[in-house]
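Below is one structure, written out as structure tokens, with a few remarks after it.
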Amino acid sequence: MGKTITEKIFEAHLKDEPFSGTQVISLDVVMCHEITTPIAIADLEWRGKDRVFDPSKIKAVIDHVTPAKDSKSAMQGKIMREWAKRNGIKDFFDVGKNGVCHALFPEKGFIRPGYTVIMGDSHTCTHGAFGAFAAGVGTTDLEVGILKGVCAFRRPDSIKINLTGKLQFGVFAKDVILEVIRVLTVNGATDKVVEFRGPVVDAMTMEERMTLCNMAIEAGGTSGVCLPDAQTVEYLWPFIQNDYAGKDAAVADFKKWHSDSDATYVATYGIDVSKLEPATTVGYKPDQVKKLSEVGDVVINQVYIGSCTNGRLSDLEIAASVIKGTKLADNVRGVVSPATPAIFSQAMEMGLLRIFMDAGYCVVNPTCGACLGMSTGVLAEGEVCASTTNRNFNGRMGKGGMVHLMSPASAAASGITGKLTDPRKFMIKKGE
Amino acid sequence: MKTFGGPVLFLDRSDINTDEIIPAKYLTEVKKEALKPYLLEDLKMDGFNPAGSWRSSSRVVVTRSNFGCGSSREHAPWALEVNDITCVIAVSYARIFRQNMFNGGMLAIELPESTVNEIFELGKNGALGCAVEVDKSKLIFSWNGGSKEFDFSISDFDRALVKAGGWVEFADARY
């Protein structure tokens, strides 16, 4: 019987099966940020085990609240900084070099097909875009990962999402994943890996695949995953060029991680993306999805463009193309956070930041910040935000606020009109 | 092993997320005890008072499905634990929350929807207590004038974590 990519990765990393159905796997990368790691560090110190299983496999960043906004967040940064230093963790990204973890770590080439990855962050599923098993975990799993390089999971079943058809004008990877979550519901993929397949995924860039995989957790998924191919090789080439004779050889090698054609899935969903329109969430759950053309007049107070879902260069390019030559509506504040220093720098060189600033946006540094109501764009009670982030929970971006999740193009268009807006009328079709 | 059981707090809603259990703005705390006053501060549920008398008395939470969805923050189980709530009973959980509970040596018990409905009905008899017998896999609900038992099952791995006191203890002894 054939195997899924995830089953192959688990088989290659299986360290122990202490009980039937429980698989303990070895880890290739353990990622750490300043919100969920300090308590693990404190516990390790308290146990007299302040060490790491392999400093080269630990990647650490200060990203959620940075630069520090107060004494408490400053202390979290200090704990991370000192811990990284005394444990010889070279890949530690401090203020000035730091960015949103799930944008920064792929950019550094830390993720490879077939890898196992954990982090004390639910959006770790993003890294499945590279054909890895990447799971968000709590602080205790993280602590054991840091100390022992292992993590326990239930035997992973997979759900196959077969994406066919052609993305219509104005419809993006974000609209696709919102549709997937609507179909699966918020717990439809609990304890499962969401495997994105089909010609639509094959044609997507790595940035688009990261947007897809990033929100697998919003359907409850343990990880999202895409099969590694020529796109994956192209993205990773600067980091793997010494390992392979050529790109074709890398593509051929990565095929060992492809799901077999007779692999078993607990469920398969087919979605024809040709039928999709620009979408948004309406409510406090990410599966409450509607077409933007059907939401009516919803006045907004803020536009937020950034995050591990949609704060990458292509996202800023799309948003800027919608915004160029326009102004934010009088009732709207705009905040844009390029997700990493490299993205910030490229956006600056390409003139994108100028476009945002001319439209009235505030450009802030790379950080998770407003997405979880921490800093740089927290909502006041009763305020509404058109956001490119991943969670619309009650209070997520600020107590009493309402978050509407959407693509960068839709968020940009909403900023121009001051209400939730289908972006298509603000976009120029190629060839026109 | 931790102690389990006591007065029940009913949270009659599905999809209660970890932002509701403990809002992100408190995640800059580096001590678990500091989370104590903020448990369920942002819970969106009609009639629920985050500062109600349940806060000092409750030891067991009974709720619906997909409890603990969203963020991976272990601050959610910790916020329960520092309020002496070490056992949650629900139809289902988000994976990370459930694992975090057992990783900390606490109980996240799953029961069929019909059983959870029945427990909610028992709650209409007035204050409900829940005794938890881990070895016998039994829950005994009691109220003024009666009691009722239910069996539960947890995986061998989850049971080992509860017995060991958590995943760090288990993994450290084994790997």
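The values are calculated or read from the model by the stated rules, or taken from the named source; none is laboratory data. A quick note: this is a predicted structure, and the numbers were derived from the prediction, not measured. Positions of Cβ are backbone-derived with ideal geometry, glycine not excepted, and every protein chain shown enters the neighbour counts. The accessibility values were calculated without ligands, DNA or RNA, using every heavy atom of the protein model including side chains. Shrake-Rupley method; radii C 1.70, N 1.55, O 1.52, S 1.80 Å.
Computed quantities for the displayed model
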{"read-out": "Test for A:ILE25: is it modelled with pLDDT of 95 or more, touching a Ser or Thr at 6+ places or on another chain (Cβ under 8 Å) and over 21 Å from A:LYS148 (Cα atoms)", "value": "no"}
{"read-out": "Residue within the stretch A:11-24 that is open to solvent by 10 Å² or more (accessible area, probe 1.4 Å) and under 19 Å from A:ASN87 (Cα atoms) present", "value": "no"}
{"read-out": "Of all residues in the stretch B:127-175 being among the hydroxyl-bearing types (Ser, Thr, Tyr) and over 19 Å from B:ALA108 (Cα atoms), the one that is nearest to the other protein chains (Cβ to nearest Cβ)", "value": "B:TYR175"}
{"read-out": "Top-ranked residue of the stretch A:293-336 - restricted to ones that are assigned to a strand (DSSP E or B) and of a type in the set (Val, Ile, Thr), ranked as nearest to the chain's Cα centre (by Cα)", "value": "A:ILE305"}
{"read-out": "Members of the stretch A:162-186 that are open to solvent by 20 Å² or more (accessible area, probe 1.4 Å), closer than 27 Å to B:ASP15 by Cβ and in a loop (DSSP other than H, G, I, E, B)", "value": "A:PHE172, A:THR185"}
{"read-out": "Number of positions in the stretch A:107-166 that are more than 14 Å from chain B (Cβ to nearest Cβ), within 25 Å of B:PHE157 (Cβ to Cβ) and among the hydrophobic types (A, V, I, L, M, F, W, C)", "value": "1"}
{"read-out": "Answer from A:THR232, A:THR268 - the residue that is open to solvent by less than 30 Å² (accessible area, probe 1.4 Å) and under 25 Å from the mean Cα position of the chain (by Cα)", "value": "A:THR232"}
{"read-out": "Residue check, B:GLU149 free of Cβ contacts under 8 Å to residues at least 60 places away in the same chain and assigned to a helix (DSSP H, G or I)", "value": "no"}
{"read-out": "Flag if A:HIS102 is touching a Cys at 6+ places or on another chain (Cβ under 6 Å), open to solvent by 10 Å² or more (accessible area, probe 1.4 Å) and either in contact (Cβ under 8 Å) with a residue 40 or more places away in the chain or in a loop (DSSP other than H, G, I, E, B) (or both)", "value": "no"}
{"read-out": "Inter-residue pairs, beta-carbon under 7 Å, first among the polar types (S, T, N, Q) and in the stretch B:68-95, second crowded, with 24+ Cβ neighbours inside 10 Å and assigned to a helix (DSSP H, G or I), 6+ apart", "value": "B:SER71/A:SER122; B:SER71/B:THR18; B:SER71/B:ASP19; B:SER72/A:SER122; B:SER72/B:ILE96"}
{"read-out": "Inter-residue pairs, beta-carbon under 7 Å, first closer than 17 Å to A:ALA74 by Cβ and in the stretch B:8-36, second at pLDDT 95 or above and open to solvent by 30 Å² or more (accessible area, probe 1.4 Å), 6+ apart", "value": "B:TYR26/B:TYR38; B:THR28/A:LYS72; B:GLU29/A:LYS72; B:VAL30/A:ALA42; B:VAL30/A:MET75; B:VAL30/A:ILE79"}
{"read-out": "Matching residues in the stretch A:230-283 - criterion: being small (Gly, Ala, Ser), farther than 15 Å from A:VAL201 by Cα and outside any helix (DSSP H, G or I)", "value": "A:ALA245, A:GLY246, A:SER261, A:ALA263, A:ALA267, A:ALA279, A:GLY283"}
{"read-out": "Subset of the stretch A:187-219 [within 11 Å of chain B (Cβ to nearest Cβ), open to solvent by 10 Å² or more (accessible area, probe 1.4 Å) and not in a helix (DSSP H, G or I)]", "value": "A:ASN187, A:GLY188, A:THR190, A:ASP191, A:LYS192"}
{"read-out": "Near pairs, Cβ below 6 angstrom, 6+ apart or cross-chain, from the stretch A:19-41 (more than 9 Å from chain B (Cβ to nearest Cβ) and closer than 20 Å to B:GLY166 by Cα) to any residue that is assigned to a loop (DSSP other than H, G, I, E, B) and modelled with pLDDT under 95", "value": "A:GLN23/A:ARG155"}
{"read-out": "Members of the stretch A:51-63 found to be open to solvent by 50 Å² or more (accessible area, probe 1.4 Å) and either at pLDDT below 95 or charged (D, E, K, R) (or both), listed by number", "value": "A:ARG51, A:LYS57"}
{"read-out": "Out of A:VAL100, A:VAL65, sole residue that is closer than 30 Å to A:GLU195 by Cβ and β-branched (Val, Ile, Thr)", "value": "A:VAL100"}
{"read-out": "Spans of helices (runs of 4 or more DSSP H) in the stretch B:10-125 with at least 2 residues within 14 Å of another protein chain (Cβ to nearest Cβ) and open to solvent by less than 50 Å² (accessible area, probe 1.4 Å)", "value": "B:18-21, B:75-81, B:95-103"}
